[in-house]
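Asker: Quick one: structure below, then a few questions.
The values are calculated or read from the model by the stated rules, or taken from the named source; none is laboratory data. Keep in mind the model is a prediction, meaning the values are calculated, not measured. When we count neighbours, we look across all protein chains shown, and the Cβ atoms used for this are built from the backbone with ideal geometry, even at glycine.
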Amino acid sequence: MLTVAVRHRLGDFQLDAAFEASGGLTALFGRSGAGKTSLANAIAGLIRPEQGRIAIDGEVLTDTAAGIFVPPQRRRVGYVFQEGRLFPHLTVRQNLLYGRWFAPKATRTTDLDQVVALLGIESLLARRPANLSGGEKQRVAIGRALLAGPRLLVMDEPLASLDEARKNEILPYIERLRDEAGIPIVYVSHAIAEVARLATTLVVISAGKVAAAGPTAAVMGRIDLFPLTGRAEAGALLTTRVAGHDENFGLTVLQTASGELRVPSLAAPLGTELRVRIRARDVMIAAEPPRGLSALNVLPGIVAEVGQGDGPIVEIRLDCAGDPLIARLTRRSVETLGLEPGRTVYAVIKSIAFDHHAIAGSAPAAAGADAETR
């Protein structure tokens, strides 16, 4: 359990943020300048807040009222920056072992071979950083942080400096780190696609304050937060399981709480749990069961909420057997279809929604079921 409540002024910027998270990967999400990195630095001990309390599993790292401030080198918080910051004169193996050198003997439970296998860097051990790609450097930086025996790992925009190909290379390793390493992660990002794929807990930060915190699906399903999470990429998360493969047509069948989805073929065994992010812009609404459509994916649902505002565009939140689904419609369409809370409708999901950014491995469930507004 990570408990954070800090107040700190940096020039004209006031950080006043509080949240709790339990295991998994906690994403600090917000626009540039929202205060994400400052909050991460306070957790790592790189900033000593004017007021606040920070604790991990009940052990207090910062408590200004009690005069407690554990220095960063004693916090056992691993830090991965935007750039790998590897030592250029050392090999990958030597960079990794440098991290282990700082770990107290009692915390050296992570084996070099385990970390190398987890991050897929066996073939890189003899190389120097100059001969690594950006994604490879970040994997080595993560390995060095793990071998320092951290009880918490902070990752500050670790993919920000990478191109799309390198991001896609490293994302599966961060998923493995989240699911297999057993070390909680605080992950700073302004990219909603990364957050949707990785986060167990989502903390939305705006102007130095926590706007919402809770399980990722619950927070992403809140249409009132779209001005902060970004309307263009906003949508909802569905938890699905692989129910079958249609080899004739190159499709995989995913079972959701309210029905089946057919997506481009996935190399995943039957029963595999997958997250699917469906953007609001990729969902159409039908008032009656649609017929004669090319769309393969139609899920029944009930209108749970109709967004407010005077503009021409309205977000609709559906309850699909307990799963949220968001649609973005014109106000005219909402009125023409008579959409209001309680109305049964059918969500038609465009096939283009299921690109490689939309489907990812599952994350452990976070404690609690509802997003909390602060």
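Asker: Would you check if P215 is buried (at least 23 other Cβ atoms within 10 Å of the Cβ), touching a residue at least 24 places away in the same chain (Cβ under 8 Å) and touching a Gly at 6+ places or on another chain (Cβ under 7 Å)? Outline the logic, then answer.
Answerer: On the way: buried (at least 23 other Cβ atoms within 10 Å of the Cβ): yes; touching a residue at least 24 places away in the same chain (Cβ under 8 Å): yes; touching a Gly at 6+ places or on another chain (Cβ under 7 Å): yes.
Criteria met by P215.
Asker: Among the residues of region 308-345, which ones are in a loop (DSSP other than H, G, I, E, B) and surrounded by fewer than 19 Cβ atoms within 10 Å (Cβ to Cβ)?
Answerer: Of everything in region 308-345, those that are in a loop (DSSP other than H, G, I, E, B) and surrounded by fewer than 19 Cβ atoms within 10 Å (Cβ to Cβ) turn out to be Q308, G309, D310, G311, P312, A321, G322, G338, E340, P341, G342, R343.
Asker: List, please: which pairs have Cβ atoms under 7 Å, are six or more places apart or on different chains, and start with a residue in region 35-50 that is in contact (Cβ under 8 Å) with a residue 12 or more places away in the chain and end with one that is of a type in the set (A, V, I, L, M, F, W, C) and assigned to a helix (DSSP H, G or I)?
Answerer: Qualifying pairs under 7 Å: P49/A42.
Asker: Can you tell me which residues in region 297-312 are hydrophobic (A, V, I, L, M, F, W, C), in contact with a Leu (Cβ under 8 Å, 6 or more places away or on another chain) and touching a residue at least 40 places away in the same chain (Cβ under 8 Å)? I'd like the intermediate steps shown before the answer.
Answerer: Taking region 297-312 first, the residues hydrophobic (A, V, I, L, M, F, W, C) are 298-299, 302-304, 306.
Next, from what is left, pick out any that are in contact with a Leu (Cβ under 8 Å, 6 or more places away or on another chain): 299, 302-304, 306.
L299, I302, V303 - these are the residues of region 297-312 that are hydrophobic (A, V, I, L, M, F, W, C), in contact with a Leu (Cβ under 8 Å, 6 or more places away or on another chain) and touching a residue at least 40 places away in the same chain (Cβ under 8 Å).
Asker: List every residue pair whose Cβ atoms lie under 9 Å apart, where the two residues are 6 or more positions apart in sequence or sit on different chains, the first residue falls within region 112-140 and is in contact (Cβ under 8 Å) with a residue 60 or more places away in the chain and in the same structural domain as Q82 (by TED's automatic domain parsing), and the second residue, located anywhere, is surrounded by fewer than 21 Cβ atoms within 10 Å (Cβ to Cβ) and part of a helix (DSSP H, G or I).
Answerer: L118/Y173; L118/R176; L118/E180
Asker: Turning to a different aspect of this structure: Would you be able to tell me the number of residues in region 282-295 that are part of a loop (DSSP other than H, G, I, E, B) and either within 28 Å of the chain's Cα centre (by Cα) or among the small types (G, A, S) (or both)? Before you say what the answer is, go through the steps one by one.
Answerer: Kept after step one, since they are part of a loop (DSSP other than H, G, I, E, B), are these residues of region 282-295: 287-295.
In the following step, the residues that additionally are either within 28 Å of the chain's Cα centre (by Cα) or among the small types (G, A, S) (or both) were identified as 287, 292, 294-295.
Result for region 282-295: 4.
Asker: Count, please, the residues in region 221-242 that happen to be assigned to a strand (DSSP E or B) and exposed (fewer than 15 other Cβ atoms within 10 Å of the Cβ). Steps first, please.
Answerer: Of region 221-242, the ones assigned to a strand (DSSP E or B) are 235-242.
Filter once more, keeping what is exposed (fewer than 15 other Cβ atoms within 10 Å of the Cβ): none.
Within region 221-242, residues that are assigned to a strand (DSSP E or B) and exposed (fewer than 15 other Cβ atoms within 10 Å of the Cβ) number 0.
Asker: Follow-up question, since we're still on this one. For region 337-353, give me the residue count where each residue is at pLDDT 95 or above and hydroxyl-bearing (S, T, Y).
Answerer: Adding up the residues that qualify gives 2.
Asker: With the structure loaded, tell me whether V276 is touching a residue at least 60 places away in the same chain (Cβ under 8 Å), farther than 23 Å from L339 by Cβ, touching a Phe, Trp or Tyr at 6+ places or on another chain (Cβ under 7 Å) and buried (at least 18 other Cβ atoms within 10 Å of the Cβ) or whether it fails that test.
Answerer: On the way: touching a residue at least 60 places away in the same chain (Cβ under 8 Å): yes; farther than 23 Å from L339 by Cβ: yes; touching a Phe, Trp or Tyr at 6+ places or on another chain (Cβ under 7 Å): no; buried (at least 18 other Cβ atoms within 10 Å of the Cβ): yes.
Criteria not met by V276.
Asker: Do you know which of the residues in region 215-262 that are among the acidic types (D, E) and modelled with pLDDT under 90 is farthest from I359 (Cα to Cα)? Break it down stepwise before answering.
Answerer: Of the residues in region 215-262, the ones among the acidic types (D, E) are 224, 233, 246-247, 260.
Filter again for modelled with pLDDT under 90, leaving 224, 233.
On the way: D224: 24, E233: 14 Å.
So the residue we want is D224.
Asker: So how many residues does region 1-32 have that are touching a residue at least 12 places away in the same chain (Cβ under 8 Å), not in a strand (DSSP E or B) and not basic (K, R)?
Answerer: Taking region 1-32 as the starting set, the residues that turn out to be touching a residue at least 12 places away in the same chain (Cβ under 8 Å) are 1-10, 13-32.
Add one more test, that the residue is not in a strand (DSSP E or B), and what stays is 1, 22-24, 30-32.
The next check asks that each one be not basic (K, R); those that pass are 1, 22-24, 30, 32.
Residues in region 1-32 being touching a residue at least 12 places away in the same chain (Cβ under 8 Å), not in a strand (DSSP E or B) and not basic (K, R): 6 in total.
So that you can scan it fast, the table gives a plain yes or no per residue for (1) more than 28 Å from the chain's Cα centre (by Cα); (2) more than 30 Å from L132 (Cα to Cα):
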{"residue": "R53", "(1), (2)": "no, yes"}
{"residue": "D57", "(1), (2)": "no, yes"}
{"residue": "L61", "(1), (2)": "no, yes"}
{"residue": "A65", "(1), (2)": "yes, yes"}
{"residue": "I68", "(1), (2)": "yes, yes"}
{"residue": "Q73", "(1), (2)": "no, no"}
{"residue": "V77", "(1), (2)": "no, no"}
{"residue": "F81", "(1), (2)": "no, no"}
{"residue": "G84", "(1), (2)": "no, no"}
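Asker: Also, I was wondering about something else. Among the residues that make up region 146-166, is at least one of them polar (S, T, N, Q) and closer than 26 Å to R281 by Cβ? Steps first, answer last, please.
Answerer: Our first condition is that a residue be polar (S, T, N, Q); within region 146-166, this holds for 161.
Of the ones still in play, those that are also closer than 26 Å to R281 by Cβ are none.
No; the residues of region 146-166 include none that is polar (S, T, N, Q) and closer than 26 Å to R281 by Cβ.
Asker: Of the residues R76, R93, R85, only one is of a type in the set (K, R), at negative phi and assigned by TED's automatic domain parsing to the domain that holds R178; which?
Answerer: Numbers: R76 fails: at negative phi; R85 fails: at negative phi.
Going through R76, R93, R85 in turn, just one is of a type in the set (K, R), at negative phi and assigned by TED's automatic domain parsing to the domain that holds R178: R93.
Asker: For region 32-63, which residues satisfy the criterion of being out of contact with any Phe, Trp or Tyr (no Cβ under 7 Å at 6 or more places or on another chain), buried (at least 17 other Cβ atoms within 10 Å of the Cβ) and hydroxyl-bearing (S, T, Y)?
Answerer: Of everything in region 32-63, those that are out of contact with any Phe, Trp or Tyr (no Cβ under 7 Å at 6 or more places or on another chain), buried (at least 17 other Cβ atoms within 10 Å of the Cβ) and hydroxyl-bearing (S, T, Y) turn out to be T37, S38.
Asker: Here is a follow-up. Take the residues of region 243-267 that are part of a loop (DSSP other than H, G, I, E, B) and not hydrophobic (A, V, I, L, M, F, W, C): which is surrounded by the fewest Cβ atoms within 10 Å (Cβ to Cβ)?
Answerer: Our first condition is that a residue be part of a loop (DSSP other than H, G, I, E, B); within region 243-267, this holds for 247-250, 257-258, 265-267.
Cutting the leftovers down to not hydrophobic (A, V, I, L, M, F, W, C) gives us 247-248, 250, 258, 265.
Numbers: E247: 9, N248: 6, G250: 9, S258: 19, S265: 13.
This residue is N248.
Asker: If you scan region 74-102, which residues turn out to be touching a residue at least 40 places away in the same chain (Cβ under 8 Å), outside any helix (DSSP H, G or I) and surrounded by fewer than 19 Cβ atoms within 10 Å (Cβ to Cβ)?
Answerer: F81, Q82, E83, R85, F87, P88, F102 - these are the residues of region 74-102 that are touching a residue at least 40 places away in the same chain (Cβ under 8 Å), outside any helix (DSSP H, G or I) and surrounded by fewer than 19 Cβ atoms within 10 Å (Cβ to Cβ).
Asker: Restricting attention to region 218-257, which residues are β-branched (V, I, T) and in contact (Cβ under 8 Å) with a residue 40 or more places away in the chain?
Answerer: At the first step, the residues of region 218-257 found to be β-branched (V, I, T) are 219, 223, 229, 239-240, 242, 252-253, 256.
Hits for region 218-257 are V219, I223, T229, T239, T256.
Asker: Does region 132-168 hold any residues that are surrounded by fewer than 22 Cβ atoms within 10 Å (Cβ to Cβ), part of a helix (DSSP H, G or I) and of a type in the set (D, E), and which are they?
Answerer: E164
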